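Undergrad: Starting off with a structure, shown below.
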Amino acid sequence: MIKNQRSEKPQNKKKITIPVFVVLSFTMVIIISIFIYTKFFKLDVTFIGGFNWLDEDIIIAINGEEQTVEPMDMFSLKIYKRGELIVKIKNMQDQTIRENMYYLNGIPASILELATLVEENQCVVKADVSNIYYKTKEEATAKDIIALTDSPTESFYYELTGKDINLEYYVYPGHYSQEFLPEQLPQEMKVIGLFFVDCGNLEDDKKLQADILGSIYYE
């Protein structure tokens, strides 16, 4: 006869429960840590670009980094820094032509510099230039042009704000080439450009368009 084998009942494992206040405390620590990092430690990019309108080479000295720029050429670089930033323009004899101090408050920004010894009648505008860089059904012109300054300026600081900021799609002096942009423009994205233009052309759309195109195809 085969004896009935009694099946042993599985032992109940004790469930480990974490008190709710522990979970909430841990979550709060994470949230506060992210806030502190974003507010005080995260370094967003600042784009620096401009023109050398002098008839000699210049040196752009920024944050311990130097870049030599030839006459009638553009320059650009990116830095990651919070707080005071000094942008110095020097000649090849190490003499300071101009020095500007900016305060970076931790959000993406752009600094435009125009190296010249005479006061130029240049203002700064922002425009949607998607149609200039990408083939669309619409005419290749700058749209939604906004004057950021209405008086002559040689240096300008601009914070990039708004929900739809995508740093890949900004163009500015020294960074106008299409090689800096993706091969295709995603739907609902725009290419936003920052430009020096003649202040006297702010009310003349045809001349303003020419100034913007001249910057993009500047040589």
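For every residue, the table says whether it meets (1) surrounded by 13 or more Cβ atoms within 10 Å (Cβ to Cβ); (2) over 24 Å from PRO152 (Cβ atoms); (3) at pLDDT 95 or above; (4) of a type outside the set (Asp, Glu).
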| position | (1), (2), (3), (4) |
| --- | --- |
| GLU183 | no, yes, no, no |
| MET189 | yes, yes, no, yes |
| PHE195 | yes, no, yes, yes |
| ILE212 | yes, no, yes, yes |
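Undergrad: So which residues in the stretch 81-93 are within 15 Å of GLU66 (Cβ to Cβ), in contact with a strand residue (DSSP E or B) (Cβ under 8 Å, 6 or more places away or on another chain) and not aliphatic (A, V, I, L, M), if there are any at all?
TA: So the first thing to find is which residues in the stretch 81-93 are within 15 Å of GLU66 (Cβ to Cβ), and the list is 85-93.
Next cut, in contact with a strand residue (DSSP E or B) (Cβ under 8 Å, 6 or more places away or on another chain) only: 85-92.
Across the stretch 81-93, the qualifying residues are LYS88, LYS90, ASN91.
Undergrad: Among the residues of the stretch 88-116, how many are under 21 Å from the mean Cα position of the chain (by Cα), outside any strand (DSSP E or B) and of a type outside the set (A, V, I, L, M, F, W, C)?
TA: 3
Undergrad: Within the group LYS81, LYS42, which residue is among the basic types (Lys, Arg), at pLDDT below 95 and surrounded by fewer than 15 Cβ atoms within 10 Å (Cβ to Cβ)? Lay out the reasoning, then the answer.
TA: On the way: LYS81 fails: surrounded by fewer than 15 Cβ atoms within 10 Å (Cβ to Cβ).
The match here is LYS42.
Undergrad: Can ALA127 be described as part of a strand (DSSP E or B) and not polar (S, T, N, Q)? Explain how you work it out, then say what you get.
TA: Working: part of a strand (DSSP E or B): yes; not polar (S, T, N, Q): yes.
For ALA127, the condition - part of a strand (DSSP E or B) and not polar (S, T, N, Q) - is met.
Undergrad: From the residues in the stretch 108-153 that are out of contact with any Ser or Thr (no Cβ under 9 Å at 6 or more places or on another chain) and of a type in the set (Ser, Thr, Tyr), which one is nearest to GLY200 (Cα to Cα)?
TA: Among them, the one singled out is SER151.
Undergrad: How about the stretch 50-67: which of its residues are without any contact (Cβ under 8 Å) to a residue 24 or more places away in the chain and in contact with a strand residue (DSSP E or B) (Cβ under 8 Å, 6 or more places away or on another chain)? I'd like the intermediate steps shown before the answer.
TA: Start the filter on the stretch 50-67 by keeping residues that are without any contact (Cβ under 8 Å) to a residue 24 or more places away in the chain, which leaves 55, 63-67.
Matches in the stretch 50-67: ASN63, GLU65, GLU66, GLN67.
Undergrad: Another question about this same structure. So if I check each of ILE97, ILE146, ILE165, which one is loosely packed, with under 15 Cβ neighbours inside 10 Å and modelled with pLDDT of 90 or more?
TA: Details: ILE97 fails: loosely packed, with under 15 Cβ neighbours inside 10 Å; ILE165 fails: modelled with pLDDT of 90 or more.
Result of the check over ILE97, ILE146, ILE165: ILE146.
The values are calculated or read from the model by the stated rules, or taken from the named source; none is laboratory data. Nothing here was measured: the structure is a model prediction, and the numbers come from that model. Quick reminder, even Gly has a Cβ in these numbers, built from the backbone with ideal geometry, and neighbours come from all protein chains shown.
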